[in-house]
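The numbers here are math on the coordinates, done by the rules we state, and not lab data. Not measured: the values here are computed from a predicted model. All Cβ positions, even for glycine, are placed from backbone atoms using ideal geometry, and neighbour counts span all protein chains on display.
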Amino acid sequence: MSDNRFRIVFDGALLPGVDITTAKLNLAALYKSEVTAVERLFTGQKVTLKQGLSQAEAQTYLEALTKTGIEARIEAEPSIELSLADAHHAPARSEPVFADPESPYAPPRATVGENLPPFATLKPFGVEGRIGRLRYLAWTMVLTLVMLGIGSVVALLALALISSDSTAGLIVGGIVAFFLCIAIAVVSIQISVQRLHDIGWSGWLWLLNLVPFVGSFFPFVIMCVPGTNVANRYGPPPPPNNTAVRVLSSLWLVMIVVVIIGAMAGGYSAIQQEYENAAETSYDSGSETTDEVEVEPAEAEQVPDSTEDEAEEAPGPVDSAKE
């Protein structure tokens with residue numbers, strides 16, 4: 001008795017939440033073909049993508065197709081008994097079926113057109129392409145270091161011009177610093193847009209950074225949300241991270257931790273100083289109150305003394321009568 005064989009069929013259905021453009025790009029990358037070649041599979045007609053598979057092979061192939069976003073399925077092939085004389089004329093095939101190469105419903109061949117690149121080309125100075133989380137942190141660290149270096153040089157030049165009383169030099173330095181800040185801001189926006197593309201979001205969402213309250217935590221969303229591992233509508237996935245990317249991203253994370261610890265230490269010092277000042281103020285107020293209480297009895301005792309002295313000095317009515 002022959003073993004059961006299975007085939008993979010597809011009728012153009014997509015998985016929930018997957019748009020047809022993304023599915024076409026992913027399927028073209030899987031077949032290493034052009035997008036125009038796989039468009040013939042999305043006509044709504046039932047197409048056999050693979051046949052003559054065992055159950056394990058069919059399941060593996062189906063999982064690979066599911067990652068592209070299409071909803072393919074496994075069907076059992078009808079069992080056919082062959083005689084030994086005819087067995088060599090009908091071998092089991094595991095390649096896609098191409099009954100008619102000119103048929104618009106035939107699946108694409110692997111040799112059609114140029115192969116799509118497995119990874120996207122890195123473009124630091126542009127909004128096209130995709131970058132992952134670690135590369136986003138690494139590029140941001142490089143941009144920060146460049147900004148600190150340029151800022152230090154501009155500050156030193158400004159001090160030198162101030163000391164020499166050069167008004168024209170200060171104006172030129174200010175203009176140069178202004179355009180450098182604009183250039184750094186533009187590059188920062190481009191990096192953020194590529195990070196949004198890796199997630200599968202539109203680059204226009206960067207404008208959420210300008211919204212009050214939302215802009216305070218949206219950069220952390222860009223930093224933490226993972227990207228897609230397959231091609232999306234913005235292109236293939238970014239290349240793997242190299243050692244430089246890992247080192248620079250680690251330095252950025254260390255810097256964030258140091259800033260947080262420094263802010264907490266500064267807040268603790270401010271609270272402690274405020275507490276000490278409040279304690280000193282309370283102690284000084286208590287000392288002044290004690291001094292006032294001690295002085296009042298002394299003043300009160302002087303009143304009877306002065307009264308007695310006046311009584312002794314003033315002549316009484318009896319003495320006047322005797323005289």
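Percentage of Cα-Cα pair distances in the range 115-244 greater than 24 Å, rounded to whole percent?
For the range 115-244, the fraction of Cα-Cα distances above 24 Å is 42 percent.
Over what distance in Å are the Cα centres of the range 25-63 and the range 217-271 separated?
When both Cα centres are located, 37 Å separates them.
Take the alpha carbon gyration tensor of the range 170-289, find the square roots of its eigenvalues, order them as a ≥ b ≥ c, and report rounded if a/c is under 1.5; if not, report prolate when a/b exceeds b/c, else oblate.
The shape class here is prolate.
Take the alpha carbon atoms of the range 179-249, find their radius of gyration, then divide it by 2.2 N^0.38 Å using N residues; give the quotient.
Here the Cα radius of gyration is 1.21 times the empirical estimate.
Please report 27, 14, 161 as a ranked list, fewest other C-beta atoms within 10 angstrom at the top and most at the bottom.
14, 161, 27
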